[in-house]
Amino acid sequence: MILSIIGILLGVIAIGLFIWLKKEQQIDNGLHAAEVDHMHQGMNALMSDFSNYQVDSERKIVGLEKQLEYENNKVHKRIDKNENELPKVIRNVVGHIEFARPLDKK
């Protein structure tokens with residue numbers, strides 16, 4: 001009789017522990033699910049920020065390339081203009097030197 005009472009008591013204790021552990025596991029699963037959801041939201045926000053950063057960086061790079069090309073073309077046009085005007089300048093300087101009268105001539 002005592003053995004049957006001990007057996008029933010151990011069975012009730014085992015069932016109680018099983019129910020308690022199942023309840024604890026459900027609480028832990030809920031906490032982990034909430035944590036995973038927060039991580040998912042954080043990763044999505046990070047991915048969105050990184051994508052926006054990449055797009056902004058690409059726009060800035062394209063703008064800088066356009067600006068550099070514009071400045072480069074402006075410098076080349078100035079150099080071409082100077083190359084075209086150089087013979088005229090040389091001709092004017094040399095012409096004044098060739099036809100100049102000496103200043104010390106009396």
Legend entry - Search result, residues across region 59-97 that are surrounded by fewer than 10 Cβ atoms within 10 Å (Cβ to Cβ) and more than 47 Å from the chain's Cα centre (by Cα): PRO87, LYS88, HIS96, ILE97
Legend entry - VAL94 of a type outside the set (Phe, Trp, Tyr) and modelled with pLDDT under 95: yes
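The values are calculated or read from the model by the stated rules, or taken from the named source; none is laboratory data. Here the structure is a predicted model, which is why all the values come from computation and not from measurement. For neighbour counting, all protein chains shown are included, and Cβ atoms are generated from backbone atoms with ideal geometry for every residue, glycine included.
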